[in-house]
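**Q** I'd like to ask some things about the structure below.
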2 protein chains.
Amino acid sequence: MRADTPEPMIKQLPLLALVLSPLCAGAVPAMAQQDLRNLNDMQKAAMSDDVAYDITEGLVTEVGHRMAGTPDEARARDWAVRRLNALGFANVHVEPFQMPVWVRGKEMAQVTAPVPQDMYITALGTSGSTGDKGIEGEIVYFPNMSQLIAAPAGSLNGKIAFVTHDMRVTQDGSGYGFAGPARWRGPNFAAKAGASAIVIRSIGTDQHRNPHTGGTTFDEGVKHIPAGAISNPDADTLERLVALGQPVRMKLVLTPRDMGMQESGNVIAEVAGSDASLAPIVIACHLDSWDLAPSAFDDAAGCGIVTAAAKRVMDAGQPKRTIRLLWAGAEEVGVFGGAAYGKAHADEPHALAMESDFGADRVWKVDFHLADAALKDEIALALAPLGIERGDAHAHGGADVGAIIEAAKPAVIDLQQDGTRYFDLHHTPDDTMDKVDPAQMAQNVAAWTTVLNIVANHDGAIAPEPMAASGEM
Amino acid sequence: MRADTPEPMIKQLPLLALVLSPLCAGAVPAMAQQDLRNLNDMQKAAMSDDVAYDITEGLVTEVGHRMAGTPDEARARDWAVRRLNALGFANVHVEPFQMPVWVRGKEMAQVTAPVPQDMYITALGTSGSTGDKGIEGEIVYFPNMSQLIAAPAGSLNGKIAFVTHDMRVTQDGSGYGFAGPARWRGPNFAAKAGASAIVIRSIGTDQHRNPHTGGTTFDEGVKHIPAGAISNPDADTLERLVALGQPVRMKLVLTPRDMGMQESGNVIAEVAGSDASLAPIVIACHLDSWDLAPSAFDDAAGCGIVTAAAKRVMDAGQPKRTIRLLWAGAEEVGVFGGAAYGKAHADEPHALAMESDFGADRVWKVDFHLADAALKDEIALALAPLGIERGDAHAHGGADVGAIIEAAKPAVIDLQQDGTRYFDLHHTPDDTMDKVDPAQMAQNVAAWTTVLNIVANHDGAIAPEPMAASGEM
């Protein structure tokens, strides 16, 4: 350090400690050193936010998993109403809706030939049941979805299909789009070819004995065969067993069941704006989760982040526009909460829709679906000191704001989170509180606070890009 | 690169590719660039070894888990005899012995108050059973073993003890010695204080929903209460629930059972030495495993490493001393195989004992219990180009050679493996083939080949350090 310039270094130290991740070893994407001297006071304060962490920790500890339409999700709504009121939000209420409920039963998989091998399996949402006694059958291996789709009708009669894929880590989560069809549609194609069941390699990027659950959809009239995901190490083992060249047989017990229509609900809360003539901003997360984990990343963290940011804007003085929080119900099992919100609020003006539903790691990029070039520049410039680059993709929002985007045509801004390790945890038992890095979560809050503070106080038009310019949406 | 010195760089490239880990992201300790120009031909060849990997992969794929005294371990012995004969070893045979067998049953844990939370649990070896209906009780939390040891008799009547600890990652594995007592002896002290059961934080350094099993011992006459380990994320949750200040209750179902005395066995194979007057060298690993995983790291890899090295020395020409491979049975549940070997061979001379039972990551240090200073220098100098430093600790060998070391007083050399991630995997479902880094495993083979080639061809005395000098053993 040069003797004539000690001050900037000293001033930086306390904040530097906050933005450097305490978990820089391992798979946690490290926080870069940002140009902290350029943060404004609101951003600096947000970098030591603990509201988002407290909400996340509270949900996972005091509620736990929150499967849509179950008493667990109802407990989560009660908890959310209490917490949102305690934080000082206005108009906190639940908007209930009905949705079909499917619940997990027994789960067991074992290779029985050529040698016994225990497998870790979990049923996919809407999977059929094997019955308590289970089924046994020969494995037919498909190294990719294209081969499974090509399987002729009847070719898998009495067999258990096994489909795998090649999911790689991507920062932007695009690997999910590539590998996901094995889960989303594999069971449908296996059923059409006559399979008595299907096991898939987990849609995930980890190397743990934690299978990844998730939804799957069958075409109308296609039998819901038993469908499960085995963990990636188990899929490796099964592939090696297939490679030995002898018939491979598996015993499966999966006994999920349908519970019919049950009540779920969206939790709404607002920061009331001062100018009723300006359309509100909706910011979303989802309150429900899969049932294998307390689900800190998916999506307690999202609720923590958007809520902490809204509170910071609220506490800084009444904004011009209303900010509406949507803690959606029943996202995982078919986005029923987002659909219910879109239907109920279709005729209300919405200036802007945003969502946080990709974990708690840092925001690295901002994308827009927003007409006002000067406003985009203002936001991008304000985010830059947080290490956030300006992307050139069109913003799409998240699942829970999909219906309202279609109905009310708001602008959209995506604060893209680093997804490098997201699919290690997604829909597994491993989605637990320890995975949340407080420093990266606070950077999310700082980014959301930055954007909300600008847009909620913007009295010019906030409109989506014209169709012709965006070429989509 | 300077134009006048291109050759060394170019020559290094192919070997450099081998020693740089393909898994340098994540928790795998990276291989350093060694001084490859100083490797001898035998070491260079060993750095591309695939025998160790093939043995490991074969055991985990074609046998799977290998719980001592079960038919699975018997299949492993059959596999071992076939493979060792196929590799060209002499005198391949099984030395059977009897040992008490305990097997896992149903396993379930759920917090029932103040809120429901599912927990991932696994029973500890020799745990008692809760019966099929399970038990429920209030948790009494002990943040460390000292507090549990101090619990007065009767103070835990009808309660479930929960003990945790603070296990940290250590390269040399010493964190196990610090945290291990919570598993080894926690159940005994909880039973003495009257607890109806005990759950412990897993003895492990990972953050996955994989509980770590392992043995526990009760004093003579102390009741074998149900004893299980919950995963580290579940222990975090339980600690947070305790911190809420309300009574925490848990339901437990653990139904392990004792199977009485059953047959296990040690598999022996040899490279016959040319000079029958020279005492043999015994190199050990263990063939059995816990039942939660195919157990690549613990200890299929050890068998692969020592066997591949012995074969390289054998293939280089008959050594002077006999090298005896000991693939021990029944290590995990009480080192019954090592004890049986020590008893059966106590009267035979043994020059040197070594063992590999700490995963498949690189050897980073060599320790000696060896009198001949010149021989120690020769070995340490030969290992240095592999990036292996000379330690100043006394070598102790592994569990399976413990009895023969006590009985026959051989010298000991420890090739210390990097244990940075060993206790992420140890005794969990996650001990699977994907964890083995082929480049680091080959470095182990090169290190073992280096040492075996020197000692098996050394016709001077190979003796342990004198008692007075070593102060121990």
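**Q** Name every residue in the range B:372-400 that is surrounded by fewer than 23 Cβ atoms within 10 Å (Cβ to Cβ), farther than 24 Å from B:His350 by Cα and of a type in the set (A, V, I, L, M), in order of residue number.
**A** Within the range B:372-400, B:Leu381, B:Ala384 meet the criteria.
**Q** Also, I was wondering about something else. Please tell me if A:His458 is on the phi < 0 side of the Ramachandran plot and in contact with a Phe, Trp or Tyr (Cβ under 8 Å, 6 or more places away or on another chain). Can you show your working first?
**A** On the way: on the phi < 0 side of the Ramachandran plot: yes; in contact with a Phe, Trp or Tyr (Cβ under 8 Å, 6 or more places away or on another chain): no.
In short, no.
**Q** Moving on to the next point. Could you list, in sequence order, the residues of the range B:75-106 that are surrounded by fewer than 18 Cβ atoms within 10 Å (Cβ to Cβ) and closer than 14 Å to B:Ala300 by Cβ?
**A** Passing the criteria: only B:Arg75.
**Q** For the range B:36-74, which residues satisfy the criterion of being of a type outside the set (Gly, Ala, Ser), within 20 Å of A:Glu239 (Cα to Cα) and crowded, with 17+ Cβ neighbours inside 10 Å?
**A** Passing the criteria: B:Tyr53, B:Ile55, B:Thr56, B:Glu57, B:Leu59, B:Val60, B:Thr61, B:Glu62, B:Val63, B:His65.
**Q** Next question, about the same structure. Checking the structure you have, find out if any residue of the range B:45-54 is modelled with pLDDT of 95 or more, within 14 Å of another protein chain (Cβ to nearest Cβ) and closer than 25 Å to B:Glu331 by Cβ.
**A** yes
**Q** Restrict the check to the range B:307-329 and report whether at least one residue is in contact with a Ser or Thr (Cβ under 8 Å, 6 or more places away or on another chain), at pLDDT 95 or above, over 23 Å from B:Ala395 (Cβ atoms) and outside the structural domain of B:Asn210 (by TED's automatic domain parsing).
**A** yes
**Q** A follow-up question, please. Condition test on A:Ser277, is it on the phi > 0 side of the Ramachandran plot, polar (S, T, N, Q) and assigned by TED's automatic domain parsing to the domain that holds A:Asp434? Don't jump to the end; show me each part of the working.
**A** Numbers: on the phi > 0 side of the Ramachandran plot: no; polar (S, T, N, Q): yes; assigned by TED's automatic domain parsing to the domain that holds A:Asp434: yes.
No; evaluated as a whole, the condition is false for this residue.
**Q** Could you give every pair whose Cβ atoms fall below 6 Å, whose first residue belongs to the range A:231-260 and is facing another protein chain (nearest Cβ under 10 Å) and more than 26 Å from A:Asp132 (Cβ to Cβ), and whose second residue is basic (Lys, Arg) and assigned to a loop (DSSP other than H, G, I, E, B), counting only separations of at least 6 or pairs across chains?
**A** A:Pro233/A:Arg209
**Q** Pairs please, first residue from the range B:98-127 and away from chain A (no Cβ under 14 Å) and within 18 Å of B:Ile160 (Cα to Cα), second anywhere and part of a strand (DSSP E or B) and among the β-branched types (Val, Ile, Thr), Cβ atoms under 8 Å, 6+ apart in sequence or on different chains.
**A** B:Leu124/B:Ile200
**Q** Which condition breaks for B:Ala76 when tested against (1) out of contact with any Leu (no Cβ under 6 Å at 6 or more places or on another chain); (2) within 12 Å of another protein chain (Cβ to nearest Cβ)?
**A** (1)
**Q** Checking the conditions here, which among A:Ala447, A:Ala442, A:Ala411, A:Ala403 is touching a residue at least 12 places away in the same chain (Cβ under 8 Å), surrounded by fewer than 24 Cβ atoms within 10 Å (Cβ to Cβ) and on the phi < 0 side of the Ramachandran plot? Before you say what the answer is, go through the steps one by one.
**A** On the way: A:Ala447 fails: surrounded by fewer than 24 Cβ atoms within 10 Å (Cβ to Cβ); A:Ala442 fails: surrounded by fewer than 24 Cβ atoms within 10 Å (Cβ to Cβ); A:Ala411 fails: surrounded by fewer than 24 Cβ atoms within 10 Å (Cβ to Cβ).
Checking each option against the conditions leaves just A:Ala403.
**Q** Considering only the range B:78-101, I want to know if a residue exists there that is modelled with pLDDT of 95 or more, more than 25 Å from B:Arg324 (Cβ to Cβ) and either out of contact with any strand residue (DSSP E or B) (no Cβ under 9 Å at 6 or more places or on another chain) or assigned to a strand (DSSP E or B) (or both). Outline the logic, then answer.
**A** Just the residues of the range B:78-101 that are modelled with pLDDT of 95 or more, to begin with: B:78-101.
With more than 25 Å from B:Arg324 (Cβ to Cβ) added as a condition, the list becomes B:100-101.
Imposing the further condition that a residue be either out of contact with any strand residue (DSSP E or B) (no Cβ under 9 Å at 6 or more places or on another chain) or assigned to a strand (DSSP E or B) (or both) reduces the set to B:100-101.
So far as the range B:78-101 goes, yes, one or more of its residues are modelled with pLDDT of 95 or more, more than 25 Å from B:Arg324 (Cβ to Cβ) and either out of contact with any strand residue (DSSP E or B) (no Cβ under 9 Å at 6 or more places or on another chain) or assigned to a strand (DSSP E or B) (or both).
**Q** Name the strands (runs of 3 or more DSSP E) wholly within the range B:226-339 that hold at least 1 residues that are surrounded by fewer than 23 Cβ atoms within 10 Å (Cβ to Cβ)? Steps first, answer last, please.
**A** Working: elements: B:227-230, B:249-254, B:257-271, B:281-286, B:323-328.
Once the strands (runs of 3 or more DSSP E) in the range B:226-339 are filtered for at least 1 residues that are surrounded by fewer than 23 Cβ atoms within 10 Å (Cβ to Cβ), what remains is B:249-254, B:257-271.
**Q** Only one of these conditions is not met by B:Leu36: (1) modelled with pLDDT of 95 or more; (2) more than 21 Å from the chain's Cα centre (by Cα); (3) more than 14 Å from chain A (Cβ to nearest Cβ). Which number is it?
**A** Among (1) modelled with pLDDT of 95 or more; (2) more than 21 Å from the chain's Cα centre (by Cα); (3) more than 14 Å from chain A (Cβ to nearest Cβ), B:Leu36 violates only (1).
**Q** Does A:Ala191 satisfy being more than 27 Å from the chain's Cα centre (by Cα) and either in the same structural domain as A:Leu415 (by TED's automatic domain parsing) or modelled with pLDDT of 95 or more (or both)?
**A** yes
The values are calculated or read from the model by the stated rules, or taken from the named source; none is laboratory data. All values reported here derive from a predicted model rather than from experimental measurement. Using ideal geometry, Cβ is built from the backbone for each residue, glycine included, and neighbour counts are taken over all protein chains shown.
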